[in-house]
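Computed from the coordinates by the stated procedures, all read-outs in this text should not be read as laboratory data. The structure displayed is predicted, hence computed values, not measured ones. Glycine also receives a Cβ, built like all others from the backbone with ideal geometry; neighbour counts cover every protein chain displayed.
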Amino acid sequence: MVGRYRSVLWKSAEDRAADPGCTGRGAATNCLFDGDWLRTGDLASRDNAGYYWFKGRLKQIIIRGGSNISPQEVEEALYQHPAVQEAGVIGAPHPKYGEVPIAGITLRAGQTVTEEKLRAHAGELLADYKIPERIFFLAELPKGLTGKVDRRSLRDLLIAQPDLLEQRVVPRV
């Protein structure tokens, strides 16, 4: 697992079949288990020192033409631009590739940057297929109770736009 991101599995020292809290939860819980192993839905890698690095959630992976894209990886690249305050990346439906990454961002106070410059910046840090097809500048990004960007709400906001990938007008929040 060193250096490669893989699905995280945890094995309990206890026999889960003897745990009445697990056995009574039905199919939704049981599908998380592979024998005695719990599938967490997280993606992680281990470095040479034995430390684990979490990369994100398996359900949030964007699949573009058979290639997997981690939204967190794209967001990290966008966050490295000095004008970006917040970023959220989701997969948008695409007729040829299945999905393509798109981003919603907010800018730091007093900062300006164009979509083209942000895409060029991302291109310096990411493989071409990971660069967002579109970047939408929003007044604020939707957040969950923990204050993190809520990708599901961001997806609802952006995907609901007709002709999303052809738009040049920023949708209103």
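A straight chain from Glu115 to His94 at 0.36 nm per residue would run longer than the Cα-Cα distance by 5.6 nm.
Determine, for each peptide in 140-146, 60-66, 74-80, the mean count of other beta carbons within 10 angstrom over its residues, then list the peptides with the highest first. Don't skip to the answer; put the middle values down first.
Values: 140-146: 12.4, 60-66: 15.7, 74-80: 18.9.
The most tightly packed comes first, giving 74-80, 60-66, 140-146.
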